[in-house]
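Beneath this line is the structure, given in structure tokens, with notes to follow.
Coordinate-derived values only; no laboratory data. All figures in this text were calculated on a predicted structure; none of them were measured in a lab. Glycine gets a Cβ as well: all are built from the backbone with ideal geometry, and neighbour counts include every protein chain shown.
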Amino acid sequence: MTKYETVIGLETHIQLNTQSKIFCSCKADSWGDPPNTNICPVCTGQPGVLPIPNKAVIKKGILLAAAMNSEIRPVSFFDRKNYFYPDLPKGYQITQYDMALGKGGYMDIPTINGAFCRRSRRIPHPPPATSALDWSLRSRDGKRPPPLRCERIH
């Protein structure tokens, strides 16, 4: 009846349980604090600041990549994505795209009919101390792979 297939993609954001944010020493868990109290010149992108990655965030990102059966890359780097949003005063976001900490991988998703794997393309690190899982049900050649049967992740 229809020529189109419904494909739903998920992008999941999590906050790693670190004491400070990914690129500065500001408090990461600020729930309940007044607005704009856990910020610094690095957070707001002031001229001349140098963001330095938090080792704890990188280590936990690698653990997450390993838990997702991802290839851990020996070299990883960050990219600057420019946005002109009123709620992003510095005008850019530091993220990982081409050379993220983890490449590929999958996660066991429980369903009514059993557990299936879903593939992930990459595990990047956008601030503040979060990790986005970019799920893809299509490979680079455009073909849609079937769900994979897999062992549960413990």
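Just a few scattered comments:
- Top-ranked residue of the stretch 57-90 - restricted to ones that are over 15 Å from the mean Cα position of the chain (by Cα) and hydrophobic (A, V, I, L, M, F, W, C), ranked as nearest to Ile14 (Cα to Cα): Leu88
- Among the residues making up the stretch 65-81, a single one is aliphatic (A, V, I, L, M), out of contact with any Gly (no Cβ under 8 Å at 6 or more places or on another chain) and in contact (Cβ under 8 Å) with a residue 40 or more places away in the chain: Ala67.
- Filter result for the condition that a residue is without any contact (Cβ under 8 Å) to a residue 60 or more places away in the chain, part of a loop (DSSP other than H, G, I, E, B), surrounded by 13 or more Cβ atoms within 10 Å (Cβ to Cβ) and not basic (Lys, Arg), over Ile62, Ile8, Ile22, Ile39: Ile39
- Within the stretch 31-59, the set of residues being within 16 Å of Ile94 (Cβ to Cβ), in contact with a strand residue (DSSP E or B) (Cβ under 9 Å, 6 or more places away or on another chain) and hydroxyl-bearing (Ser, Thr, Tyr) is empty.
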